[in-house]
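Read-outs throughout are calculated quantities, based only on the coordinates presented, and are distinct from any laboratory measurement. Please read these numbers as outputs of a predicted model, since none were measured by experiment. Because the Cβ atoms are built from the backbone with ideal geometry, glycine has one as well, and the counts that use them run over all protein chains shown.
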Amino acid sequence: MYEFLATAIRDAAPLLWVALGGLLAYRVGVFNLGLEGLMAIAAFTAVAAAKATGSIALTLLITAAVTVAVSIVYWLCITILKGDVIIVGIGLSTVGLALTVFMLNVFYGSQATANAPVALPAPIPSTVRGGPMQIMAGMSILVWILPFVALIVWVVLRRTQAGLVMNAVGEFPFAARSAGQSPTVVRFWAIAAGGVLIAMGGAELSLGGLDSFSQDMTAGRGFLAFSALIFGGGTVWGVVGACAFFGVANALGILAQVQGWSLPTEFLLAIPYILTILAVTVAAYIAKRAGGNIATFAELRD
């Protein structure tokens, strides 16, 4: 049971970091479908920076800087250049996945994996066995601070003027402009801040346990994080619950393989994604029946 919970938490942590980053963009009216590409870029950058510097602090700083820079390029494409939000996001994911594979070959030869010489620090050593402490054994510092980060994001969105402005830009961009707020500028800061959170998610994925980067390492996790936004109704605690659900679903798939359930391997591997599709479908149906709406894209299309 402890191992199952540990697996669920370890799988949910990078998803939640990325989903919170996507949530900031969502609240200002941007559906960031580039989360997959940004997560891949962050994961690769973390390993490359770790190999180059040997310092975790510098690694996280460089990873954040690179991911924010790419996020700003995304912002430029959808605001200044008036690109379609969905198409640009999908393009970013495609380019991000391809670029990381290309850079992996350029910097580290034809090998499929690049190993990092350092890893994220873990408050509880992975050698701890037995009892509830085993659940958090080996978890990196980024997993430990994640609940506080989620709380901070909630406070910013629900209890500060900045959050009020972000919600106004996402729901009523023309009204926000008439009140003296620039939707373009607000989106810039929201997408840039989200880039920092996404960077931590990528770093957690590559340095939080595996200490390496390999081709297609994200394996659709960025799209799962985006699904968490929909499943969670665009709220912080809804996103937290959705990511926890996806973590449990993935842990269930792993448990099924380990215990040798008499099911096809392909089905066992697909369990997390099947549950994700069902959950998002049900959430969308409930929201539609309740008369809910999503952030408008009118400001980005004019």
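Packing around the peptides 61-67, 119-125, 40-46, taken as the average count of other Cβ atoms within 10 Å per residue, puts them in this order, highest first: 40-46, 61-67, 119-125.
Hey, what does the equivalent ellipsoid look like for the chain, semi-axes from the Cα gyration tensor as sqrt of 5 times each eigenvalue, largest first, whole Å? All intermediate terms of the calculation are to be shown ahead of the outcome.
Values: eigenvalues 191, 108, 70 Å².
Sorted largest first and rounded, they come to 31, 23, 19 Å.
For region 158-170, just list the computed ³J(HN,Hα) in residue order, Karplus coefficients 6.51, -1.76 and 1.60, θ = phi - 60°, integers in Hz, with x standing in for Gly and Pro. Result, ordered by residue: 10, 10, 10, 5, 4, x, 4, 5, 4, 5, 5, 5, x Hz.
Count the net charge of all other residues whose Cβ sits under 13 Å from the Cβ of ALA114, scoring Lys and Arg as +1 and Asp and Glu as -1.
Values: positive: LYS51; negative: ASP211.
Once positives and negatives cancel, what remains is 0.
Couplings 3J(HN,Hα) for region 141-153, derived from phi with the Karplus relation 6.51 cos²θ - 1.76 cosθ + 1.60 (θ = phi - 60°), are 4, 5, 6, 5, 8, 4, x, 5, 5, 4, 5, 4, 4 Hz, where x marks Gly and Pro. Just add up the charged neighbours of ALA46: K/R +1, D/E -1, any other residue whose Cβ is under 13 Å from the Cβ of ALA46. With Lys, Arg at +1 and Asp, Glu at -1, the net is -1. Sorted on the mean count of surrounding Cβ atoms within 10 Å across their residues, most packed first, peptides 185-196, 87-98 read 185-196, 87-98. The equivalent ellipsoid of region 10-152 has semi-axes of 29, 21, 12 Å, largest first, where each one is the square root of 5 times an eigenvalue of the Cα gyration tensor. The listed peptides 206-215, 13-22, ordered by packing as a protection proxy, come out as 13-22, 206-215 (highest mean of other Cβ atoms within 10 Å first).
Taking a sphere under 12 Å around the Cβ of VAL165 and counting the other residues whose Cβ falls inside, with K and R at +1 and D and E at -1, yields a net charge of +2.
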